[in-house]
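These notes concern the structure reproduced below.
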Amino acid sequence: MMSSFQSLSSSHQQFLPLSLSLSALPFHYSSIPTPKLHFCNKKLVAKMSNPTLNPNPNSDRLKELKEFDESKIGVKGLVDKGLTTIPGFFIHPSEPPTPEPKTRHGYKHSIPVVDFSTPRSTLVDQIHQASTTLGFFQIINHSVPVEAINRIVGSIKTFNEQPDEVKMKYYSRDMSRGVGYSTNFDLYNSRDASWRDTLQMRLGPTPPDWEHVPEVCRDAAIQWDKEVVKIGEELMGLLCEGLGVKEDRLKELSCLDARIMAAHYYPYCPQPELTKGLTPHTDPGVLTVLVQNEVAGLQVKFGDDWVDLEPIPGAIIINIGDILQIISNDEYKSVEHRVLANPFQEPRVSVAVFFNPSQRENSFGPLPELISDEKPAVYREFIFMDYMRRFFSKELDGKTLTNYYRVSNQI
C-alpha cells in the first residue's frame, strides 16, 4: 500500500499534458508481441514491438511513458477503450509470471484479526503480537462507522468511473495544491509501471486546497480524515503500551500530524499475470490505515510466502511502517506487501492514509527508553527530511530504507 508523500522531482513535473481526442483508438490487439502506444495527430496509433526482444530501451521507454502520461486517461481509460493486451512498459520482465497464491483456501498463515471490543489489556497484547510478527492486522468492532468507510470507498470508485474528460481536469503530478491524480507516482523512475490509478491528497498538517479536490469525493475525504485521526490516535496509544512506553509517546513525536491519503483504483487487467497492481514494498512512514472494497488482491509477505489478506466487511487494515520499525528499535516489523493486478471485471478500490512525523527537520531513531546495554540501538539517527529524500530517489521496491539506516551498514 504506497503513496507519495510529496510531489515528484521538478524534472518530472515538466511534462505538460496535451489536449488529446481519444475517440478513435484502434485497439485491435492480439497477444504478445505487445503494442507500444504512440500519441500523434491527436489519436493513438498502435505500433507493434516485441518487448522480449527489446526490453524497454531507455529513450523509447521514456517517450512511451510521456505519451501515455500526457494522454491523462490512466489505466482505466485504456480498459475503457477496449485494450486486450497491456502496453510493454507495464510488463514486469524481471519477475516470473504471478503463480496462483499458495495462500488461498486456508493456507497455514493468515492475517490476524483484532476485535476492538475485547478488554484493553487483551487488545494491547494482540496488537503487540501482530506487530512484532507479521506487521499487519485487521481490526473489527472499532469506533469508525461502517457508513464512513463505505462512503469514502464509494466516492473514490465514483470518481474513477466518471468520463475521461471529467477526470482529465484533475490529472496532474503537481502536489503543490495538496492533491494529485495520476497513474503511478513513481512512473518515471520505476523499472516497470503497475496497473492502477491513484488520487492522492495531503490531509495534514496543512489540508489541501479543497476546491481542487474532485467534488464527488470532497466531503467524504474531509469526514474520513476526522475518523482516521481518531482511530490513528487510539492505535498509536495501544502500540506505545505494547512497547512499554507512555501512551502519548508517538503523539509527542508528531506522528499523528502529517497525513497523506492515497486512494487506489485497480481496474480489470486483461493480462494480470504479466504485471502488478502494486509492486512489493514497505511503507516508509509510521503507520498506515487502509480500507478497501470486497475485491481481493492485497498480499503480505511472510517468510518466502505471500499471504492473501481477505477482505472483511467493515474491517480496517493496519500495518507498521519503516519509521515505526526504527522507532521501536526493531521490535515492530514493517513488512513487504503487494497488490496483484486485478483479474476481475469489478474494480478493486482501496483508500490508505499514511501517518508521518510533521517535524521534518527533527532527528529520529530508536526511542531512548528502548535502548539498553542488553539491547543497543539497531538503527542510527537521521533527519526525517533526508530520510524522505532518499525514499523519493528510488523506485517503490523492497526494504532498502530500513536496511540503509541499520547500524551494521554504517560506514
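The values are calculated or read from the model by the stated rules, or taken from the named source; none is laboratory data. Being a predicted model, the structure only gives us computed values, none of them experimental. Note: ideal-geometry Cβ built from the backbone for every residue, glycine included; neighbour counts use all protein chains shown. Accessible surface areas use protein heavy atoms only, side chains included; no ligands, DNA or RNA. Shrake-Rupley method; radii C 1.70, N 1.55, O 1.52, S 1.80 Å.
The set of residues in the range 363-389 being under 25 Å from the mean Cα position of the chain (by Cα) and open to solvent by 80 Å² or more (accessible area, probe 1.4 Å) consists of R389 alone. Scanning the range 319-348 for residues that are assigned to a strand (DSSP E or B) and buried (at least 23 other Cβ atoms within 10 Å of the Cβ) turns up N319, I320, H337, V339, L340, R348. Please state which of the following conditions S176 fails to meet, knowing it meets all the rest: (1) among the hydroxyl-bearing types (S, T, Y); (2) out of contact with any Lys or Arg (no Cβ under 6 Å at 6 or more places or on another chain); (3) open to solvent by less than 50 Å² (accessible area, probe 1.4 Å). In the conditions (1) among the hydroxyl-bearing types (S, T, Y); (2) out of contact with any Lys or Arg (no Cβ under 6 Å at 6 or more places or on another chain); (3) open to solvent by less than 50 Å² (accessible area, probe 1.4 Å), S176 misses (3) alone.
Under the condition of being assigned to a helix (DSSP H, G or I) and either of a type in the set (S, T, N, Q) or closer than 25 Å to V291 by Cβ (or both), the residues counted in the range 150-192 number 14.
Working only within the range 135-149, note down all residues that are assigned to a helix (DSSP H, G or I) and not hydrophobic (A, V, I, L, M, F, W, C). Give the steps one after another, and end with the answer.
Quick first cut of the range 135-149, residues assigned to a helix (DSSP H, G or I) only: 146-149.
Hit for the range 135-149 is E147, nothing else.
If you go through the range 244-273 and keep only what is in a helix (DSSP H, G or I), surrounded by fewer than 22 Cβ atoms within 10 Å (Cβ to Cβ) and either of a type outside the set (D, E) or in contact with a strand residue (DSSP E or B) (Cβ under 9 Å, 6 or more places away or on another chain) (or both), you end up with R249, K251, P272.
Matching residues to (1) on the phi < 0 side of the Ramachandran plot; (2) of a type in the set (A, V, I, L, M, F, W, C); (3) buried (at least 18 other Cβ atoms within 10 Å of the Cβ):
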site	(1), (2), (3)
N189	yes, no, no
P205	yes, no, no
C217	yes, yes, yes
W224	yes, yes, yes
E227	yes, no, yes
E234	yes, no, no
L238	yes, yes, yes
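Within the range 274-287, restricting attention to residues that are outside any strand (DSSP E or B) and among the hydrophobic types (A, V, I, L, M, F, W, C), the residue that is farthest from H337 (Cα to Cα) is L274. When E310 is tested against the conditions (1) crowded, with 18+ Cβ neighbours inside 10 Å; (2) under 19 Å from the mean Cα position of the chain (by Cα); (3) in contact (Cβ under 8 Å) with a residue 40 or more places away in the chain, the lone failure is (1). Of the residues making up the range 401-408, none is modelled with pLDDT of 95 or more and either under 27 Å from I91 (Cβ atoms) or open to solvent by 10 Å² or more (accessible area, probe 1.4 Å) (or both). All of T118, T132 fail the test of being in a loop (DSSP other than H, G, I, E, B) and not aliphatic (A, V, I, L, M), apart from T118.
Taken over the range 305-327, the criterion of being of a type in the set (G, A, S) and out of contact with any Ser or Thr (no Cβ under 8 Å at 6 or more places or on another chain) is satisfied by G314, A315. Evaluate the range 216-228: report whether one residue or more is assigned to a helix (DSSP H, G or I), in contact with a Ser or Thr (Cβ under 9 Å, 6 or more places away or on another chain) and closer than 28 Å to P119 by Cβ. Yes - at least one qualifying residue is present in the range 216-228.
Summed over the range 174-208, the residues that are among the basic types (K, R) and modelled with pLDDT under 95 give a count of 1.
For the range 349-371, which residues satisfy the criterion of being assigned to a loop (DSSP other than H, G, I, E, B) and among the β-branched types (V, I, T)? Walk me through it before giving the result.
From the range 349-371, those assigned to a loop (DSSP other than H, G, I, E, B) are 357-362, 365-367, 371; that's our starting set.
Across the range 349-371, the qualifying residue is only I371.
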